[in-house]
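Have a look at the structure below before the remarks.
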Amino acid sequence: MTYIILHALAPIFVIMLLGYYAGKAKMVVNSNVSLLNVYVMDFALPAALFSATVQTPWKGIISQSPLILLLVLSMWIAYAALYFICTLGFKKSPQDAAVLTLTVALPNYAALGLPILGSVLGESSATSLSVAVSIACGSVLMTPFCLLILEREKARASGESHGSTLMLLPVLMWRSVKKPIVWGPLLGVLLSAFGLKMPEIVLASIKPLGLSATASALFLTGVILSARKLKINAPVLLSCLTKNIIQPFITIGLLYAFGITGPVAVTAVLMIALSAGFFGIVFGNRFGVQSPDAEATLLISSILCIITLPLFITLSAGL
């Protein structure tokens with residue numbers, strides 16, 4: 001099992017290392033990665049998320065309702081708790097806290113979901129469906145929280161914000177929904193709900209973009225890391241503890257609260273127990289928000305996952 005986890009994590013470290021090397025060697029200007037960020041945020045990731053959601057049968061999504069409930073609550077609880085600790089306890093700015101908490105709350109479903117879940121439950125259409133649903137949950141029901149906060153603070157900084165956040169909510173929501181990273185997967189879910197199938201030629205046309213999404217996002221993360229010095233502090237330690245230990249135990253608590261057992265329970269625990277994802281860092285960079293703590297958390301969480309993931313694989317066996 002350790003080999004399987006290492007095998008799944010190896011591409012993450014290798015691609016980030018290549019990005020780090022490219023930044024340090026000045027092959028890429030690590031202080032200005034806006035072009036690469038536009039490609040990742042506006043093209044590659046939206047294409048990947050749209051493809052994943054539009055090809056997920058609506059009946060399959062409905063059948064996965066218990067899994068959706070568990071994943072969403074696990075992500076929302078971790079996000080809300082850590083966000084308020086970061087802003088009130090560590091006195092972080094809302095933007096920095098939003099980026100850090102999204103990095104923690106949204107696991108790396110895209111890169112690790114299928115290899116880990118397939119090795120435990122076996123590779124099947126049901127396993128692929130569970131991973132697709134997990135990705136859809138994160139992109140549609142989790143990332144807008146971070147975008148709303150980033151859009152709000154951007155509006156405040158530019159002097160556009162007059163009034164309470166509640167009054168600005170419709171405007172902020174519209175700005176978030178207009179972004180391809182949000183409307184891409186949302187459009188895929190809506191098309192699936194109405195039973196509309198995309199022509200094969202369309203899916204084939206955007207497939208190369210989707211296939212490059214995870215690799216380009218990880219490469220971008222490596223480039224960003226090359227411009228920073230890794231610092232381990234209280235927010236980083238708490239974030240890693242939350243991601244690798246506390247959040248999976250939140251999921252286990254929810255399982256007992258709702259009386260859910262079987263493959264759904266195992267899937268929920270394993271998906272949440274995956275290491276921190278790269279969405280927060282990529283989002284922040286697009287808005288000009290640098291979060292060294294989020295970057296350190298991503299790296300350390302991925303390393304700790306080698307130890308913590310087998311623990312939760314063992315614990316989930318009895319569910």
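The values are calculated or read from the model by the stated rules, or taken from the named source; none is laboratory data. Keep in mind the model is a prediction, meaning the values are calculated, not measured. Virtual Cβ from ideal backbone geometry, glycine too; neighbours counted across all protein chains shown. With ligands, DNA and RNA removed, areas are computed over all heavy atoms of the protein, side chains included. Shrake-Rupley method; radii C 1.70, N 1.55, O 1.52, S 1.80 Å.
Worth a mention:
- Rounded if a/c under 1.5, otherwise prolate or oblate - region 1-146, Cα gyration tensor axes: oblate
- Distance between the pseudo-spin-label points of Val72 and Leu35 (7 Å out from Cα toward the beta carbon): 4.1 nm.
- The largest-to-smallest principal axis extents of the Cα set in the chain are 50, 44, 42 Å.
- Helical runs assigned H by DSSP (4 residues or longer) give the chain a calculated mean residue ellipticity at 222 nm of -23500 deg cm²/dmol, each run adding -39500 (n - 2.57) before division by the residue total.
- Per-pair calculated FRET efficiency, R0 = 45 Å: Leu121 and Ser158 via Cβ, rounded to 0.05: 0.40
- The chain, relative contact order in percent, only Cα pairs under 8 angstrom and at least six apart counted: 36 percent
- Partners of Lys207 within straight-line reach, counting aspartates and glutamates whose Cα lies under 20 Å from its Cα and excluding those fewer than 8 residues away in the same chain: Asp42.
- Each peptide in 126-132, 109-115 was scored by the mean count of other Cβ atoms within 10 Å over its residues; highest first, the order is 109-115, 126-132.
- Rolling a 1.4 angstrom probe over region 225-319 with all protein chains present gives an accessible area of which 70% lies on carbon and sulfur atoms.
- For region 72-89, putting each phi into the Karplus relation 6.51 cos²θ - 1.76 cosθ + 1.60 with θ = phi - 60° gives couplings of 5, 5, 4, 6, 5, 4, 5, 5, 4, 4, 5, 4, 6, 5, 5, 7, 8, x Hz, in residue order, rounded to whole numbers and with x for Gly and Pro.
- Selected from Gly210, Pro248, Ala234, residue furthest toward positive end of dipole (the chain; charges at beta carbon): Ala234
- ³J(HN,Hα), Karplus 6.51/-1.76/1.60, whole Hz, each residue of region 56-71, x for Gly, Pro: 8, x, 4, 4, x, 5, 4, 5, 9, 3, x, 5, 4, 4, 5, 5
- For region 162-319, the relative contact order is 26 percent, taking Cα pairs closer than 8 Å that sit 6 or more residues apart in sequence and dividing their mean separation by the residue count.
- Rounded to whole Hz, the Karplus (6.51, -1.76, 1.60) HN-Hα couplings of region 131-142, x for glycine and proline: 5, 4, 5, 4, 4, 4, 4, x, 6, 8, 10, 10
- Using the average count of surrounding beta-carbon atoms within 10 Å as a protection proxy, the listed peptides 85-95, 10-20 rank, highest first, as 10-20, 85-95.
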